[in-house]
Amino acid sequence: MPTPVTMPRLGESVAEGTIGSWMKQIGEYVEKDEPLVEVITDKINAELPSPVAGRLTKILVNVDETVAVGTEIALIEESTDAAAPTSVGPDAAPVQSVRQAETPIATTTTTHVTNGGSADHAPAGSDDERQRISPLARRLALEHDIDLNTIQGTGANGRVRKEDILGYVARRQATPATAVLTPPAQQAARPAQSLPVQEPVSSVTTPVEPPAIIGGADELVTPSRMRLAIAEHMVRSKRTSPHATTMVEVDMTNIARWLAKNKEAFKQREGYGISFVPFVMKAVCEGVRKFPMINSTWTEDNKIIIKKRINLGIAVATDAGLVVPTLYDADQLTLAGLAKQVNAIAQRARNNKLTLQDMQGSTFVVNNPGVFGTILSVPIINQPHAGILSMDAVVKRAVVVEDDAIAVRSMMYLCLSFDHRILDGAGAGGFLQAVRTRLQGYGREIDVY
């Protein structure tokens, strides 16, 4: 009996995934844990490994299709052979022809039509083509309407990589082609029947929103699948959780002075850097211990699950979009240990090396828009969490200190967005004050180990 391959849950809040590309075609042999399919969500682009060794007998979900978590996407006829066959045997030929008729994604030429033109791309089914072009590069080429035959790969054996596609896009944008646009006057002269007709429901009619007009200096952009997924998740989060927000100002002077004095020596000694982020994460863990309700989830049957493990998600900006990988049991780590884990997981995220485990199990998120110089930001909750904390830039300001004296201090805003179904202002404010007290409690000498 064939073994089903199902759409995995790539993140606790992820309910669906999109097939980016199939790395094996019907009739081909796949080893256990060998990459089988690229899956795209609003959290991650991941290569899903095969759960068993065997022959791929059926593809149930085509490229670019989006299905719910748990949906069967392929069937594999499990093999007990010790060695994988080097080629598709003749007994697989009938299966190949039948399955291709059912799922023609492996042999058809893909055409991507954009505003004012189209481009044909080579078939995705040949072995040479799959070896020459990485799945991520192929997807980017389709999104940017690029003929892969014009790209010179810089990878091993001329393999076209993501960097080659992005470089081509950058060069093309430096010398943009003149867009062929329909003049507004011609658009206005189109027949009225091209617009949808609404049946009146009362004597008062609702005006129809006119179509967007693209001017000569405007550009029409088709969002990537990851951007569309992020958009869906953000809208769903605002619709699901009644967001409330509270913020505090934190004096980070002692931490800032310690970093200025010690961070270079720390990096030379450890091989990775340390910043304000581990200090905030450590303080968050202590705040969660005092206010455990912030580390919880509201369920569909109107219950609250309080998570006992403190698994902190950390928002990381990548070229493709924002991802939120997980630091498991963050409360068990020292400041140096947190710095090491943050550095490692950020590198994996930016190099597109995140694993399924990296994207699962978070219970609370720390966001750091301050790295971009922001001084105040209000985050959106990462479902199904109870809250998310944003730390903004540490900025020197003149503030009033003890005895009404004015001093220059390194100040930072912390902003907490929380699910008002789970927490009220008192609980959210108490959590923030606990975080603030811990951060301001560091002296001039800090033991990060």
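Where a number appears in this text, it was derived from the coordinates with a stated rule and is not lab data. Keep in mind it's a predicted model, so treat the numbers as computed, not measured. Cβ: placed from backbone, ideal geometry, glycine included. Neighbour counts: every protein chain shown.
If amide hydrogens are placed 1.01 Å from N in the peptide plane, which non-local residues have theirs closer than 5 Å to the one on Val401?
Result for Val401 returns Ile406, Ala407.
Calculate one ³J(HN,Hα) per residue across the range 16-29 by plugging θ = phi - 60° into the Karplus curve 6.51 cos²θ - 1.76 cosθ + 1.60, and present them in order as whole Hz with x for glycine and proline.
Along the range 16-29, the couplings run 7, x, 10, 6, x, 6, 9, 8, 10, 10, 4, x, 7, 8 Hz.
Would you pull out the residues with amide H under 5 Å of Phe364's amide H, same chain only if 5 or more places away, H placed 1.01 Å from N?
When sequence neighbours closer than 5 places are left aside, the close amide H contacts are Asn311, Gly313.
Which of the three applies to the range 292-449, rounded, prolate or oblate, going by the alpha-carbon gyration tensor with a ≥ b ≥ c and a/c under 1.5 meaning rounded?
The shape class here is oblate.
Once amide H atoms are placed 1.01 Å from N in the peptide plane, what residues at a sequence separation of 5 or more from Ile375, or on another chain, have their amide H within under 5 Å of its amide H?
Those lying under 5 Å, H to H, from Ile375 are Ala393.
Based only on other Cβ atoms within 10 Å, what is the fewest-to-most ordering of Asp218, Asp64, Asp403, Asp358?
Exposure proxy ranking, most exposed first: Asp403, Asp218, Asp64, Asp358.
Hey, with R₀ at 22 Å, roughly what FRET efficiency would Thr245 and Lys308 work out to, going by the Cβ-Cβ distance, to 0.05?
The calculated FRET efficiency here is 0.25.
Among Thr66, Thr253, which comes first, then next, by fewest other beta-carbon atoms within 10 Å?
Lowest count first: Thr66, Thr253.
Packing-wise, with mean Cβ within 10 Å as the measure, how do 425-433, 228-236, 321-329 rank, highest first?
So the order, starting with the most tightly packed, is 321-329, 425-433, 228-236.
By DSSP, what percent of the beta bridges with both residues in the range 279-400 are antiparallel, rounded to the nearest 5?
Once the DSSP bridges in the range 279-400 are tallied, antiparallel ones form about 55 percent.
If the cut-off is 19 Å between C-alpha atoms, which lysines fall inside it for Lys162, apart from same-chain ones fewer than 8 positions away?
Those lysines meeting the cut-off are Lys43, Lys353.
Binned at 5 Å from 0, what are the whole-percent values of the Cα-Cα distance distribution for the range 255-331, short to long?
Over the range 255-331, the share of Cα pairs per 5 Å bin runs 3, 12, 16, 18, 17, 17, 9, 4, 2, 2, 0 percent.
R0 = 25 Å: FRET efficiency of Thr334 with Gln433, Cβ-based, nearest 0.05?
The calculated FRET efficiency here is 0.60.
Ranked by Cβ crowding within 10 angstrom, fewest neighbours first, how are Tyr413, Tyr272 ordered?
With the sparsest Cβ surroundings first, the list reads Tyr272, Tyr413.
From the cross-link list Lys238/Lys307; Lys263/Lys396; Lys263/Lys308, which pairs have alpha carbons spaced over 24 Å apart?
Lys263/Lys308
How about the range 324-354: which trypsin sites (Lys or Arg not before Pro) there are in a DSSP loop, with at most 14 other Cβ atoms within 10 Å of their Cβ?
Lys353
In nm, to one decimal, how far is the Asp447 label point from the His420 one, both placed 7 Å along Cα→Cβ?
Computed distance between label sites Asp447 and His420 equals 4.5 nm.
Using θ = phi - 60° and the Karplus curve 6.51 cos²θ - 1.76 cosθ + 1.60, what whole-Hz ³J(HN,Hα) does each residue of the range 231-241 get, with Gly and Pro shown as x?
4, 4, 5, 5, 5, 5, 5, 5, 6, 7, 9
I'd like the Karplus ³J(HN,Hα) series for the range 403-418: coefficients 6.51, -1.76, 1.60, θ = phi - 60°, whole numbers in Hz, and an x wherever there's a Gly or Pro.
Result, rounded to whole Hz: 6, 6, 7, 10, 9, 8, 10, 8, 10, 9, 8, 10, 10, 10, 9, 9.
Take Ile380 and Gln268, extend 7 Å from each Cα along the Cα→Cβ direction, and tell me the distance between the two endpoints in nm.
Spacing of the two 7 Å Cα→Cβ label points: 4.5 nm.
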